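Participant: Can you keep this structure in mind? I'll have questions shortly.
Quick note: the coordinates plus some simple rules give every number you see, no bench work behind them. Owing to the predicted nature of the structure, the values given are computational and were not obtained by experimental measurement. When we count neighbours, we look across all protein chains shown, and the Cβ atoms used for this are built from the backbone with ideal geometry, even at glycine.
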Amino acid sequence: MDHKDITIFLELVRCRNISKTAENLYLSQSAVSSRLKALEAEMGCQLVLRFKGQRSVEPVSYTHL
């Protein structure tokens, strides 16, 4: 995990949209998706919920940690 991964994740949580996050950070949509998948793999958990057929995402809430 590096600064760029954290920046992407925080912007994604703020925007709740991968395309908008990519636009705001001057990245491609695929770059944002790839970095998010790599971050989730590194953390060993899902960080956002993706909704099929929709462009929005929602942060996962882990309340029982």
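Participant: Given the Cα-Cα distance of Arg50 and Asn24 and 0.36 nm per residue of separation, how much length would full extension add, in nm?
Facilitator: 7.4 nm
Participant: How long is the gain from Ser34 to Met1 if the chain were fully straight, where each residue apart is worth 0.36 nm and the alpha carbon distance is subtracted?
Facilitator: Length difference between fully extended and current span is 10.6 nm.
Participant: Could you list which residues have their amide H under 5 Å from that of Val48, counting only those 5 or more apart in sequence or on another chain, with H placed in the peptide plane?
Facilitator: Val60
Participant: Same structure, new question: Quick one: net charge of Ala41's neighbours, Cβ under 13 Å, K/R +1, D/E -1?
Facilitator: Net local charge, Ala41 excluded: -1.
Participant: Now for a different question. Tell me, what ³J(HN,Hα) does each residue in segment 19-29 have, in order and in whole Hz, if you take phi through Karplus 6.51 cos²θ - 1.76 cosθ + 1.60 with θ = phi - 60° and put x for Gly and Pro?
Facilitator: 5, 5, 4, 4, 4, 5, 9, 6, 10, 7, 4
Participant: Another question, if that's okay. With only alpha-carbon atoms counted, please give the Rg and Dmax of the chain, in Å.
Facilitator: Looking at the chain, its Cα Rg and Dmax stand at 11.3, 36 Å.
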